[in-house]
Amino acid sequence: MCGKNQTRTTELKLLEFRNLFQMKCLICLPFLLLYIITLIGNTLIISLTLITAKLNSPMYLSLCEIFFATFVLPHILYLVWNNGGSISLDYCIVQMFLCSIAGITENFLLTLMAVDRYLATCYPLRYPSMMNFGINYVSIFSTVITISSKKVRVKTFSTCSSHLTSVFMYFRTIFIIYLVHSQLYSKRMKKVVSLY
């Protein structure tokens, strides 16, 4: 008589981090520095936004960054430094859920900021009365290019540059991993790139 498999998985072994002996310091030190800078910088942004009531979106974006970094980076640093290890299944599910929530919230905030920049750039006079959710980076670019004054054009691009930089930094890993042909990167290089 065959019974059902009664085995229950309670932990996951993370084996991909075990062969990084020679790269341990090269990976851990920049990550630790990045984590500290993320915490300090975003705490500073949150403090400034609490002082200036008009700046709400950057505060929420900074909170998402702190949560996202805190859910992932300390454990990755631990795993790389200790040549792998295990993670409980419950902790993995909670971490995945919290990272997903932080990522979804960050995507939503970046989209709202893009809408705000789009309306402010393409319709500056009607901006206060038009807050809707139509977003198009091509429209922003084409509108800015048609501005005759170079000084105004540069000022307008500088207004949008912080948002475009945020979007690029957020999606850079996805662009590198999924848009670059897989034969150009080794499996090990993809692991290192995905950490950043």
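The values are calculated or read from the model by the stated rules, or taken from the named source; none is laboratory data. Note that the coordinates shown come from a computational prediction; the quantities given were computed from them, not determined experimentally. Ideal geometry is used to build each Cβ from the backbone, glycine not excepted, and the neighbour counts take in all protein chains shown.
Please specify each residue of segment 80-121 satisfying the condition of being in a helix (DSSP H, G or I), more than 30 Å from Thr156 (Cα to Cα) and touching a Leu at 6+ places or on another chain (Cβ under 8 Å).
Scanning segment 80-121 gives Val80, Leu89, Cys92.
Taking the condition modelled with pLDDT under 75, more than 18 Å from Gly103 (Cα to Cα) and loosely packed, with under 13 Cβ neighbours inside 10 Å, does Phe17 pass?
On the way: modelled with pLDDT under 75: yes; more than 18 Å from Gly103 (Cα to Cα): yes; loosely packed, with under 13 Cβ neighbours inside 10 Å: no.
Criteria not met by Phe17.
How many of the residues making up segment 84-100 are in contact (Cβ under 8 Å) with a residue 12 or more places away in the chain and under 19 Å from the mean Cα position of the chain (by Cα)?
3
Out of Leu63, Leu77, I need the residue that is part of a helix (DSSP H, G or I) and either out of contact with any Cys (no Cβ under 6 Å at 6 or more places or on another chain) or closer than 19 Å to Ser166 by Cβ (or both). Which one? Spell out the reasoning first.
Numbers: Leu77 fails: either out of contact with any Cys (no Cβ under 6 Å at 6 or more places or on another chain) or closer than 19 Å to Ser166 by Cβ (or both).
The match here is Leu63.
Taking Gly84 and the conditions (1) modelled with pLDDT of 80 or more; (2) over 27 Å from Ser166 (Cβ atoms); (3) not acidic (Asp, Glu), which numbered condition does it fall short on, given that it satisfies the others?
The single condition Gly84 does not satisfy is (1).
Specify the residue that is modelled with the lowest pLDDT; the eligible residues are those in segment 106-144 that are over 29 Å from Phe67 (Cα atoms) and crowded, with 16+ Cβ neighbours inside 10 Å.
Checked segment 106-144; the qualifying residue modelled with the lowest pLDDT is Ile140.
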